[in-house]
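Every read-out reported here was derived from the displayed coordinates using simple, explicitly stated rules and does not represent laboratory data. All values reported here derive from a predicted model rather than from experimental measurement. Every residue, glycine among them, receives a Cβ derived from its backbone with ideal geometry; neighbour counts consider all protein chains shown.
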């Protein structure tokens, strides 16, 4: 189970947006999935794999073209757990998720300072209106930083293993956006 290791908000490069779109990382959650008692990592290419007639990299390339043409920012929002694994941490507050989305829509975090996540390479804002700054880097919310690193590396491995099925058709830009091994 991996849910708590990505930052709650990240500004993505074009390659990262394409990589994460192809990956389709999400979770099966108790109460919404039969037989699931705690969150479970799952991937669904382009967040709709069974319904995609083309290879997922084709859709990612289309996304990249649109991003470049319209010069847009792409943000990754994580509404998973913060402060520890499932059972130890807690779900990111809806209040904070709303504040992050509002800040994005109001262009309030486009030009702030960013820190690059050491494993996932994601650009984490150092500040966001109405969100505690320590929440913006998930490692800061964990009591045991080594445990965070171990779990984040497990998730990075899951991303990379999942992506192996797409690697032969992916551009270098997309491949470079993968988490560090």
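Quick look at the numbers
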item	result
Sum of -39500 (n - 2.57) over DSSP H runs of 4+, divided by residues of the chain (222 nm, nearest 500)	-10500 deg cm²/dmol
Gained length - residue 42 relative to residue 28, 0.36 nm times residue gap less alpha-carbon distance	4.4 nm
Residue with peak Gaussian network fluctuation, the chain [Cα springs, cutoff 10 Å], from 138, 129, 50	50
Residue among 112, 74, 131 with the largest mean-square fluctuation in a Gaussian network model of the chain, springs linking Cα atoms under 10 Å	112
Three-way shape call for region 46-128 based on the alpha-carbon gyration tensor, with the a/c threshold at 1.5	oblate
√(5λ) per eigenvalue of the Cα gyration tensor, region 9-171, largest first, Å	25, 22, 15
Ranked 63, 175, criterion: other C-beta atoms within 10 Å, fewest first	175, 63
